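The values are calculated or read from the model by the stated rules, or taken from the named source; none is laboratory data. None of these values were measured; they are calculated from a predicted model. As a convention, Cβ positions derive from the backbone with ideal geometry for all residues, glycine included, and neighbour counts pool all protein chains shown.
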Amino acid sequence: MKNILALLLVLSTLSTLAQRPNSGPNNRQGGNITLTGTVLDQETGRPLEFATIVLQKADDPSSVTGGITDLDGKFEVEAPRGTYNIRVEYISYTTYNLENQALTQSRDLGNISLSLNVAQLEAVEVVGERTTVEVRLDKKIYNIGKDLTNSGATISDALNNVPSIDVDVEGAISLRGNGNVRILINGRPSALAGFGSTDALQQLPADAIEKVEVITSPSARYDAEGTAGIINIVLKKEKTLGFNGSINSFIGDPLTGGTTINTNLRNDDFNIFSTIGYRYREGPGNGFFDNTYTSGSFDRITEDRDIQRLDRGFNANVGLEWFLNEQSSITGSFFFRSGNDKDVTSNNTVRFVGTDIDSRTLRTESEKEEDQSYQWSMNYINRFNEDGHQLTADLQIGRDSEDAGADIEERNTFPNNNLIALELEDQREEQKEFLLQADYVLPLGDSQFEAGFRVDLEESFTDYRLDSLNQSTGQFVTNQTLTNEFTFNEDIFATYAQFGDKMGKFSYLLGLRLENTRLRGRLESEFDPSELEEQLGVDVDVNFTKDFLGLFPTVNLIYELGENENVTLGYNRRINRPRGWFINPFPSRSSRTNVFQGNPNLNPAFSNTFDLGYLKRWSKITLSSSIYYQRETGAFERVQESTGQTTTDGIEIIRSIPINLSTNQRIGAEASLLYNPSRKLRLNASFNFFQFDTEGEFNGVDYGAKNTSWFARMGSKVTLPWAIEWQNNIFYRGPNQNAQTETEGIFSMTSAFSKDVLKGNGTITLSIRDVFNSRKRRSFTETEFFTSDSEFQWRVRQSLLSFVYRFNEQKKRGGRGGDGDFEDEGGFSD
């Protein structure tokens, strides 16, 4: 607490500093003068990049010169002395005019605020109808726009259409092929993302997203978690005055349906916003596994799985922004999510001795899961002036609970019909979070200083119980070797400072973040750690406290080669903290023959990453590319080993456990291309290539591996006759491998058609996800004691028909920036 008070005192002192006036323009010698200024959106105060500045000779209208604004909305135009008519233009905004200006010396026009031209917005097709990309010093911003395939889809589906991001068949999210990515909602950890789990993102509607920020070289203002980088999902919050909103309803096959309602009420004093939705989805899946063994009672076992999922979820996000005055506001919001799911998995197993069938079994697992998430957030912002001098403070409290139960029955179907096992699983999980942070931004002419702190306290509790039927007595008996209660705390205390400046065509942002991580675990069970100690070869403390203090420097540089061309260079050091289920030493089972066990001795991994980027804009084409190198020490690796035990019917039991390997080196390159040859045709493509080289051994086994893989996506959007729009998204992930498993490439395609109706207030969309039903994971695992050849499909092809109705809502144009909750992020890179 003393540290927090000290940080608050520092920030309070900084916020009372006198505002430093901008230095005047630099008068140049000779016949030319320099005209400077900054172009801003009048409503949001955000800079407008690539706005046009026109200088027209008053006595010779044919003599025209000018320039455009940079990423920060600033311009610097050189022209001969004379009298000019000055115009500042930006598409869909009212033009700013200055007539008959005698320019005899250099002049700074200061801040020029442009307002939206509503009449023009109603008359033209707006840029915001398509996905656009903005490149900043430390991130890329993808304005989702009117992506047809997102209608009726989930946030996970929408993320899978963003360059650099990949969502696999089980919903796991990776960035540039690296699964250690930090997911933020509106710039903060959130119950919406399950405090690290991505399950909730498969239930929340995609049309709640305003934009997605891909942060591969995070600045010091972001927490250091996530060696791959950060994905920040910014939710919608309308800025238009009055009452407006939209209703999106959809139905699909396999049976899927739902409705999302977005509403907004805004006046000069307050802004009330809400997103409320319900969805019902049946998601059949399947899998086949062919396993061979070098020991145990059977030489080969095949498993044919049929999976029937039922997901039902309600979500609500409501908030109020109260404008205290022209400079400051307070925003309070409440989020609630409730899920009621049921999964039934049938597993037909055939067991072989040699080539002869020995027996067949049927395992049926019926699982019910009820979960609820709550989150209360409070944000305060004070803009001291229009130059970006501001102070923000955030308070967030979240809670996530999940109750799951499963009935598991396994019986022989050949050569006789008898019960093998009947088990009852009961698991309760609770997560709590408290977050407090403050950020202070002080512009110093063309440079900027920023400082802040964050306190993030998370606690997760797992209560697991397994009861097995004793067939001789007919009574259920608690399995004490698998029943446990585990509490895990992760406390993070951080402070940071960063400084950025621009010198001509060169900009830089230097930062340093100090983080203290405290990990605590407490296990209540009859667990004997001696077996785990023998396996790991070290002493194991199941009730532990660990502290890690680390410095995390960041460097981000940008050099403008031309008006529409730049090169960026970034460096950052980051951390990968083990989650609670990776540390919980108590074994948990995915089946009677597969056990996952956490490792209390698992320590955080650290990475150093270099990223070199290049951006080029033409009139109709935007090219964004980068190459990167990352070296991670103490990298996590899940290894599989035989426990030396077998089930009562002679099947070998296999254990998976995470360990710290020595190093993991990763190199890669990516490129994305946006091409808009006309208003009726839009194309985009992206390609990611990466290679990792892992070194390390465990229990005398070398787990070193080297793998090269890639993934690519291509999208097209065509306007057909009768104003029907047709969009296709194609994705292919190349084959990859680690020390024990090789995975084949995966191809999938999504197609959608849409038509505006009701004078543009409504839109009907028909979409087909995974058109060829090809999104299947095929892999082969080989160890010293078993092999596994498998095919798994999380969800089969799906068709969706959706209808969106907008009321009192103008279609929004892109490129304004800052139309989301993250608009007040601050930072030199913004």
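Yes or no: the stretch 761-769 includes at least one residue that is part of a strand (DSSP E or B) and under 24 Å from residue 287 (Cα atoms). Yes, the conditions are met somewhere in the stretch 761-769.
Kindly establish whether residue 599 is in contact with a Phe, Trp or Tyr (Cβ under 9 Å, 6 or more places away or on another chain), assigned by TED's automatic domain parsing to the domain that holds residue 662 and modelled with pLDDT of 85 or more. So residue 599 does not fit the description; no.
Selection of the stretch 727-760 for residues being more than 25 Å from the chain's Cα centre (by Cα), over 30 Å from residue 704 (Cβ atoms) and surrounded by 15 or more Cβ atoms within 10 Å (Cβ to Cβ) yields 753, 754, 756. A Cβ distance below 7 Å, combined with a sequence gap of six or more or placement on separate chains, defines the contacts here; from the stretch 563-586, residues that are closer than 16 Å to residue 458 by Cα reach residues that are assigned to a loop (DSSP other than H, G, I, E, B) and of a type in the set (A, V, I, L, M) in the pairs 578/602; 582/602; 583/602.
In the stretch 773-809, what residues are within 27 Å of the chain's Cα centre (by Cα) and free of Cβ contacts under 8 Å to residues at least 60 places away in the same chain? 773, 774, 778, 779, 797 - these are the residues of the stretch 773-809 that are within 27 Å of the chain's Cα centre (by Cα) and free of Cβ contacts under 8 Å to residues at least 60 places away in the same chain. Pairs are defined by a Cβ separation below 7 Å, a sequence spacing of at least 6 or placement on different chains, a first member in the stretch 662-684 that is over 29 Å from residue 727 (Cα atoms) and among the hydroxyl-bearing types (Ser, Thr, Tyr), and a second member that is assigned to a strand (DSSP E or B) and at pLDDT 85 or above; the pairs so defined are 663/631; 663/632; 663/633.
Restricted to the stretch 626-646, and to residues that are hydrophobic (A, V, I, L, M, F, W, C) and surrounded by 16 or more Cβ atoms within 10 Å (Cβ to Cβ), which residue is nearest to residue 571 (Cα to Cα)? Residue satisfying both the conditions and the ranking: 635.
Consider the stretch 680-706 and keep the residues that are closer than 13 Å to residue 639 by Cα and small (Gly, Ala, Ser). The one that is surrounded by the fewest Cβ atoms within 10 Å (Cβ to Cβ) is 700. Annotation note: Cβ proximity below 8 Å between a residue of the stretch 698-722 that is assigned by TED's automatic domain parsing to the domain that holds residue 672 and part of a strand (DSSP E or B) and a residue that is surrounded by fewer than 14 Cβ atoms within 10 Å (Cβ to Cβ) and modelled with pLDDT under 85 (sequence gap 6+ or interchain) occurs for 701/784; 718/680; 719/679; 719/680.
Of 221, 176, all but one fail to be at pLDDT 80 or above, touching an Asp or Glu at 6+ places or on another chain (Cβ under 7 Å) and buried (at least 23 other Cβ atoms within 10 Å of the Cβ); the exception is 221. Of the residues making up the stretch 412-441, those that are within 23 Å of residue 350 (Cβ to Cβ), touching a Lys or Arg at 6+ places or on another chain (Cβ under 8 Å) and in a strand (DSSP E or B) are 412, 413, 414, 418, 419, 420, 421.
For (1) without any contact (Cβ under 8 Å) to a residue 40 or more places away in the chain; (2) at positive phi; (3) aliphatic (A, V, I, L, M), each residue gets a yes or a no:
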position	(1), (2), (3)
256	no, no, no
267	yes, no, no
274	no, no, no
291	no, no, no
310	yes, no, yes
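Restricting the stretch 392-427 to residues that are of a type in the set (A, V, I, L, M) and surrounded by 17 or more Cβ atoms within 10 Å (Cβ to Cβ) leaves a set whose member that is farthest from residue 459 (Cα to Cα) is 420.
The set of residues from the stretch 337-347 being in contact with a helix residue (DSSP H, G or I) (Cβ under 9 Å, 6 or more places away or on another chain) and under 30 Å from residue 380 (Cα atoms) comprises just one member, 337.
The residues of the stretch 296-329 include none that are within 20 Å of residue 185 (Cβ to Cβ) and loosely packed, with under 15 Cβ neighbours inside 10 Å.
When 488, 449 are checked against the criterion of being modelled with pLDDT of 85 or more and either small (Gly, Ala, Ser) or in contact with a helix residue (DSSP H, G or I) (Cβ under 6 Å, 6 or more places away or on another chain) (or both), 488 stands alone in meeting it.
Give the residues of the stretch 294-352 that are β-branched (Val, Ile, Thr) and over 33 Å from the mean Cα position of the chain (by Cα), sorted by residue number. Across the stretch 294-352, the qualifying residues are 294, 301, 302, 349, 350.
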